[in-house]
Amino acid sequence: MFWRREGGPLDFKTNSPMAWLQRIIAVVVVAAVIAVMFRLAAPQASAEVAAASDELPDPLKAGWQDEQVCALLQETDDVRALRCTFAPGVGHERHFHAPHFGYILEGGTMQITDVSGTREQETPAGATWVSDGVDWHEALNIGDTTTVYIIVEPKGAPGE
């Protein structure tokens with residue numbers, strides 16, 4: 001099969017234009033699959049998340065001691081991306097989350113309070129998560145390092 005032949009026109013190990021085109025197509029396909037997953041998960045989010053959105057701010061509007069901790073990185077008709085930065089001693093007031101994907105750029109130690117209680121959470125750099133939504137939570141950086149998250153939310157999710 002020509003696509004499996006080493007050195008062939010579709011050999012991923014090369015730096016040929018065809019190999020780069022394949023890599024780009026693979027990234028676009030993965031992004032499309034993630035977007036579809038978000039679209040499918042959005043209607044299944046709990047009614048509590050939608051109800052919480054009527055009373056609590058979303059992560060972009062929630063701050064800490066009247067200072068914003070999340071910044072809007074990108075917004076399209078389908079998705080928005082936020083960068084949330086927490087220096088030591090800085091937190092995130094009580095807020096809700098619609099369904100989202102998260103990526104930790106810089107890790108640390110957070111104290112998280114939610115319906116289950118209060119816990120310490122290590123946030124290692126490079127970790128990811130997918131959430132169906134959070135009714136409410138609040139966080140405080142109790143570590144010695146600044147921690148930074150990227151949050152990607154589909155548009156049209158409950159609570160928007």
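Pairs under 7 Å by beta carbon, first residue under 17 Å from Asp58 (Cα atoms) in segment 73-90, partner surrounded by 16 or more Cβ atoms within 10 Å (Cβ to Cβ) and acidic (Asp, Glu), six or more apart or different chains?
If the second residue must be surrounded by 16 or more Cβ atoms within 10 Å (Cβ to Cβ) and acidic (Asp, Glu), the pairs left are Val79/Glu153; Arg80/Glu153.
Residues that are modelled with pLDDT of 95 or more, touching a Leu at 6+ places or on another chain (Cβ under 7 Å) and under 20 Å from Leu72 (Cβ atoms): does segment 132-140 have at least one?
No, because not a single residue in segment 132-140 is modelled with pLDDT of 95 or more, touching a Leu at 6+ places or on another chain (Cβ under 7 Å) and under 20 Å from Leu72 (Cβ atoms).
Would you confirm whether or not segment 142-151 contains a residue that is without any contact (Cβ under 8 Å) to a residue 12 or more places away in the chain and in a loop (DSSP other than H, G, I, E, B)?
no
The values are calculated or read from the model by the stated rules, or taken from the named source; none is laboratory data. Note that the structure is a prediction, hence the values are computed from the model and not measured. Every residue, glycine among them, receives a Cβ derived from its backbone with ideal geometry; neighbour counts consider all protein chains shown.
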